[in-house]
């Protein structure tokens, strides 16, 4: 069932959906989607988890999906405080999910959060201040570098954002896709989105969806780069409780994770910081493990981690 709740920006309403188990609720999971996509792409995965006892909430972030008031808002986050707005909305949705769980069960329920791609950077930033609100986090399709390209993009896009924040930056979107595409071995598709998955059917569905693959605005790109900068600094896990449960999920052929390199480095950092880390790095999968041909394996691994974590 789809509902709306007021965003932290006081203007938009966040469209969200609950996936409710028929039997006992063993855990909750809030899913934070990635850039230029929407929560509907997680419906099959969310339903699978609900069928296995997990109460799931998905929602469209600012600038995405049904949360935008018209197509011209796609890719535009918030003029003044985009990062704060995205992160505060996570807290709003996490509280809403906890309230929902309380109406459905009397049992104490562990609460988890999952972020994919841009959503992973949002979640990592949220955990800097709100880790104690969750029992664990699933970080999917993430990276761990803020390099020269990122620094240049933040500076150049910052100037463009100052002049025209709402303007879609198709040129930078094309450059970004070409760069990510150039990193994967033997693209099996002519699509600029082939870096997302080896599953060509999934890519066709993505390309045909008017709420996917749109160019971010100058404002959106600046927010993304600033998020990556925040989320890849060690401070994001400095305030998480010792032994905080973290599941890292990535395709071995994901250019965002530098073909597994960033994931290995992130795992080592988190272990050194005393976190309880489990990692699934899937061979022959790219940026979107939940949309690969062998996605059932990924579904099962995530469910197993959720079940193990709340025993």
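Quick note: the coordinates plus some simple rules give every number you see, no bench work behind them. Please read all numbers here as calculations on a predicted model, not as lab measurements. Reconstructed Cβ throughout: ideal geometry from the backbone, glycine too, with neighbour counts over all protein chains shown.
Here are some notes:
- Segment 114-215 shape via C-alpha gyration tensor axes, a/c threshold 1.5: oblate
- Counted over the chain, the DSSP beta bridges are approximately 25% antiparallel.
- Annotation: the residues 278, 87, sorted from fewest to most other C-beta atoms within 10 Å of their own C-beta, follow the order 278, 87.
- Antiparallel DSSP beta bridges within segment 1-146, as percent of all bridges there, nearest 5: 35
- Extension gain for residue 171 to residue 81 (0.36 nm times residue separation, less C-alpha to C-alpha distance): 30.0 nm.
- Bridge type composition, segment 1-81 - antiparallel percent by DSSP, nearest 5: 60
- Kirkwood's formula applied to the C-alpha pairs of segment 179-263 gives a hydrodynamic radius of 15.4 angstrom.
- Gyration tensor (alpha-carbon) shape descriptor, the chain, a/c threshold 1.5: rounded
- Taking the chain and dividing mean pair separation by its residue count, relative contact order in percent (alpha carbons under 8 Å, at least six apart): 19
- Helix-only mean residue ellipticity at 222 nm for the chain, each DSSP H run of n ≥ 4 adding -39500 (n - 2.57), per residue, nearest 500: -13000 deg cm²/dmol
- Packing around the peptides 55-61, 92-98, taken as the average count of other Cβ atoms within 10 Å per residue, puts them in this order, highest first: 55-61, 92-98.
- In this simple spin-label approximation, residue 155 and residue 98 carry label points 7 Å from Cα along the Cα→Cβ vector, and these lie 4.2 nm apart.
- Burial ordering of 91, 54, fewest other beta-carbon atoms within 10 Å first: 91, 54
- Fewest-first ordering of 121, 216 by other beta carbons within 10 Å of each residue's beta carbon gives 216, 121.
- Model label sites at residue 208 and residue 294, defined 7 Å from Cα along the beta-carbon direction, differ in position by 2.6 nm.
- When you count the other C-beta atoms within 10 angstrom of each residue and take the mean per peptide, 271-277, 111-117, 255-261, 36-42 line up highest first as 111-117, 36-42, 255-261, 271-277.
- Summary of the geometry: segment 11-46 and segment 179-237, compared by the centres of their Cα atoms, lie 20 Å apart.
- Shape call, segment 9-126: gyration tensor on alpha carbons, a/c limit 1.5: prolate
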